[in-house]
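One structure is given here, and the rest of the page talks about it.
Computed from the coordinates by the stated procedures, all read-outs in this text should not be read as laboratory data. A quick note: this is a predicted structure, and the numbers were derived from the prediction, not measured. Cβ atoms come from the backbone with ideal geometry, glycine included; neighbour counts cover every protein chain shown.
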Amino acid sequence: MTHAYFFQETSINIHIGATALHYGQSCFEGLKAFAHSDDSVHIFRPDENAKRLQQSCERTMMPPVPHDVFLKAVNDVVKDNIAYVPPYGSGGALYLRPLLFGSGPRIGLQPADEYTLVIMVIPVGDYYKGGLAAPVNGLIIDDFDRAAPRGVGAVKVAGNYAADLLPNMLGKKKGFPIGLYLDAATHTLIEEFSTSNFIGIDNENKKYITPRSRSVLPSITNKSLMDIAKDEGFEVVQGDIRVEELDQFDEVVACGTAVVVTPIGSLTRFSPEGEETKYSFGDGKDVGETTMKLYNRVRGVQTGDAEDKFGWNFKVQ
């Protein structure tokens, strides 16, 4: 890292031969900073974002951003934009988008000789103003795959999201606001939603079940929810989940930084002949009890209203 500076412009100059433009050498993170009741500001689990960014760098042959450099950068950018952190009680946060990309020119396929790290910040409101929204209906995607078994699905590279644009749009045209991908090899195992991890809740047996796959991005939100679920007495199971096993779940959740959790009311799958199979969770109208409890506990830690017993909050200095 040669130098760091703050700028207010919304555009940057980049070489037309940059590897980010030609070969997709680009990865990013997403995290939030929250105001607490004592007027302090805390970033939620930035150490985990630092680790995940390093994993993305290693997979795409970019120099990993040192842990201390990343933490100082996110601290300093929040401190410099402290006036834009939504106030305590508003439900909002300052969203941070660290982006690392190959800015050096290469026309032959090879890593860049220069990389740029930028962190964009933007105030965001409470995604679910007034509380969690009603469950949404999802579509099981069969016509497309999100990631190859030995590809880059487990790292946060920009191209992963471009691959979801068309399936996402087609699903929404059918009336499904969220899509669920299956494993590319067999299309029998659940992997993850478009931009969120999959969680299945079996309340009767007190199990929190989430896929383990080399094609699934390790969600920091999911990791947090797993710790809370264990604390609530649930057995956390990571492994293969077959599509037909959806029937065992009382609640299904999509989880991620933007929303924490999105309750899923149903998942629909269409056969090649157009026959419909629908898996429903709860009554499809109300948020499940466990989903609500997990959501409230994470949000409580983020806003400082609950004990940070796992040491997740990073105070901006």
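Applying a threshold of 28 Å to the alpha-carbon distances of LYS51/LYS315; LYS207/LYS309; LYS285/LYS309; LYS278/LYS309; LYS174/LYS207 flags LYS285/LYS309; LYS278/LYS309; LYS174/LYS207 as lying beyond it. Estimated from the Cβ-Cβ distance and a Förster radius of 30 angstrom, the FRET efficiency linking ARG242 and ALA306 is about 0.25. A DSSP coil position with no more than 14 other Cβ atoms inside 10 Å describes the following GluC sites (Glu not before Pro) in segment 260-305: GLU273, GLU275. In this label model, VAL118 and ILE16 are separated by 1.9 nm, measuring between points 7 Å along each Cα→Cβ vector.
Longest stretch of the chain clear of exposed loop sites (trypsin sites (Lys or Arg not before Pro), DSSP loop, at most 16 other Cβ atoms within 10 Å, sites excluded): 1-128.
Only helices enter this figure: runs of n ≥ 4 DSSP H residues, each worth -39500 (n - 2.57), summed and divided by the residues of the chain, yield -7500 deg cm²/dmol at 222 nm to the nearest 500.
Counted residue by residue at 0.36 nm each, then reduced by the alpha carbon distance between them, the extension gain from ALA83 to LEU166 reaches 26.1 nm.
Of the residues VAL236, PRO64, HIS36, the one whose Cα sits farthest toward the positive end of the charge dipole of the chain, with +1 on the Cβ of Lys and Arg and -1 on the Cβ of Asp and Glu, is PRO64.
Each part gets one Cα centre, and for segment 1-45 versus segment 213-250 those centres are 29 Å apart. Each of LYS315 and HIS3 was given a label point 7 Å from its Cα along the Cα-to-Cβ line. The distance between the two points is 3.3 nm. For segment 244-287, the residues whose amide N sits under 18 Å from a probe point set 7 Å from the Cα of THR186 along the beta carbon direction are 244-248. Qualifying GluC sites (Glu not before Pro) in segment 1-58, where qualification requires a DSSP coil assignment and no more than 10 other C-beta atoms within 10 Å, comprise GLU9.
The LYS206 and GLN55 beta-carbon pair, evaluated with R₀ = 30 Å, returns a calculated FRET efficiency of approximately 0.45.
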